[in-house]
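Would you mind keeping the following structure in view while I ask a few things?
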Amino acid sequence: MIDERPTLQTVARAAGVSPMTVSNAYNRPDQLSAETREKVLRIARELGYSGPDPAGRSLRRRRTDTVGVLLTERLPYAFTDPGMVAFLHGLASGLSDAGQALLLLPTIDDADHAHVRNALVDAFVLASLLPDDPAVAEVLGRRLPVVSWGASPIPGVARIGVDNGRAAAKAAQHLLDLGHREFGVISVGRPLLGNGAEPGEPVVVRGRHRAMQQRVSGFVRAVRAAGFDADAVTVVEADSNTEDGGAQAARELLENRRPTAIFGVTDVLAIGALSAAAEADVAVPAKLSVVGFDDVVAASRTVPPLTTVSQSLFDQGKLAATIVLDELAGRRTKTPPIRCELVVRASTAPPQGRQAGSAG
């Protein structure tokens, strides 16, 4: 026969006190004498009672001191992608200073949105979710404070993020100014624009990939604006946003088109391209220039150091925490614009036989 699980009432009867006294022993110890609290906790331990149900306590307080982060990828992605790690580091730092906890909630493989509906949180941060993602409607239905990071703006929700298209155009202009005329672009997911595709072509993609493809679109538009046709840019899709994925895509470019410059829509992909170039004995930057996007920690440590579009993902995480905390306190905070800049390092140079100059 299995013994029944002890309850607050069980402890109260054994200790000869009221249920409220047992509750205060856990939740409001200042309301009891030290002797009474120690007696209650001792008897609770003897009975195997671990304390009031956290969910019930949160419902009574109407606060969980926890912020939920919705991810477009599976949970391991949050711990392996350097850009996501940097953002979550900043977010966790800002929330920790205010005594808040963090709960990661994947939306992939959660078709009925149980994670959103059942999450005991005070607010949500949407990491690269698109406005038409069904999970967004579920979040808004909770009527809790919400902040969006990356991807596209969601009506009525504060957004933190750069203009991906304009930022990628800075990478393109840098390479054009160096004299490059044949470009490879490594992305993840189907391109929005490139290889002859027309602007505005309808594409169905998930949030994180949408941001990457906005970078493809911005890069290609900048090359076209300089007077080159679509054949000047070859877009290759990596099978994953990993160094291995970037390396495989770069091998395809080097074997088939031999561009003089490669733009990886993330630093991870660009670092993979550097590895593929080294394997193929293609000197960087003498024979191939490589540019990334994000400026993760590893970008400055590659050989050669990677030229990249820098955006402070850690600071964006801190800003997300500030906005969430302000909204929880009933304050509306105006979201400042997020700026980015091109950080030129040793992975880019004029192509052999050309001098830097006008792209026209």
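In terms of Cα to Cα distance under 27 Å, which lysines are near enough to residue 318, apart from those fewer than 8 places away along the same chain?
170, 334
Once phi is turned into θ = phi - 60°, what whole-Hz ³J(HN,Hα) does the Karplus curve with 6.51, -1.76 and 1.60 give for every residue of segment 143-155, x standing for Gly and Pro?
Once rounded to whole Hz, the list reads 6, 10, x, 9, 10, 10, 10, x, 6, 9, x, 10, x.
Toward the positive end of the charge dipole of the chain, about the Cα centre and with charges on Cβ (Lys, Arg +1; Asp, Glu -1), which of 10, 91, 80 goes farthest?
10
Which angle from 0 to 90°, rounded to the nearest 10, does the C-alpha axis of helix 34-47 make with the longest principal axis of the chain?
Compared with the principal axis, the helix lies near 80 degrees.
Could I have the simple spin-label model distance between residue 110 and residue 38, label points 7 Å from Cα toward Cβ, reported in nm to one decimal?
That separation, rounded to one decimal, is 4.5 nm.
Taking Cα atoms, how many degrees apart are the long axis of helix 82-97 and the longest axis of the chain, rounded to 10 and kept between 0 and 90?
With both axes taken from Cα atoms, the answer is about 30 degrees.
Please work out how much length the chain gains when fully extended from residue 315 to residue 45, using 0.36 nm per residue of separation minus the C-alpha to C-alpha distance, in nm with one decimal.
Here the segment from residue 315 to residue 45 would lengthen by 92.8 nm.
Please report, as a whole percent, how much of the solvent-accessible surface of the chain comes from carbon and sulfur atoms (probe radius 1.4 Å).
51 percent
Mean-square fluctuation check for the chain, GNM, Cα pairs under 10 Å: which of 317, 218, 156 is largest?
Top of the fluctuation ranking is 156.
Report, ordered by chain and residue number, the aspartates and glutamates lying within cross-link reach of residue 39, taken as a straight Cα distance under 18 Å and ignoring same-chain residues fewer than 8 apart.
The qualifying aspartates and glutamates are 30.
Please give the charge dipole size of the chain, origin at the Cα centre, charges +1 on K and R Cβ atoms and -1 on D and E Cβ atoms. Round to the nearest 20 debye.
My answer is approximately 1120 debye.
Using θ = phi - 60° and the Karplus curve 6.51 cos²θ - 1.76 cosθ + 1.60, what whole-Hz ³J(HN,Hα) does each residue of segment 102-107 get, with Gly and Pro shown as x?
10, 10, 8, 10, x, 9
Please report the antiparallel percentage of DSSP beta bridges with both residues in the chain, rounded to the nearest 5.
10 percent
Take the alpha-carbon positions of segment 6-141, form their convex hull, and give its projected area averaged over all directions (one quarter of the hull surface) in nm².
It is 10.7 nm².
Between the DSSP loop rule and a limit of at most 12 other Cβ atoms within 10 Å, which trypsin sites (Lys or Arg not before Pro) in segment 317-350 are left?
Loop-located and lightly packed - 331, 332, 334, 339.
Okay, next question. Would you look at the GNM of the chain, springs on alpha carbons closer than 10 Å, and say which of 66, 335, 234 moves the most?
Sorting by GNM fluctuation, first place goes to 335.
If I take R0 = 25 Å and measure r between the Cβ atoms of residue 66 and residue 335 in this structure, what FRET efficiency does the formula 1/(1 + (r/R0)^6) give, to the nearest 0.05?
Efficiency, from the Cβ-Cβ distance: 0.65.
If each of residue 303 and residue 137 carries a label point 7 Å out from its Cα toward its Cβ, how far apart are those two points in nm?
5.4 nm
Return the label of the correct value of semi-axes √(5λ) of the Cα gyration tensor in Å, as calculated from the structure shown, out of [x] 62, 31, 22; [y] 52, 20, 18; [z] 32, 26, 18.
[y]
The values are calculated or read from the model by the stated rules, or taken from the named source; none is laboratory data. All figures in this text were calculated on a predicted structure; none of them were measured in a lab. Every residue, glycine as well, gets a Cβ built from its backbone with ideal geometry; the counts of neighbours run over all protein chains shown. Remember, those area values only see protein heavy atoms, side chains included, never the ligands or the DNA or RNA. Shrake-Rupley method; radii C 1.70, N 1.55, O 1.52, S 1.80 Å.
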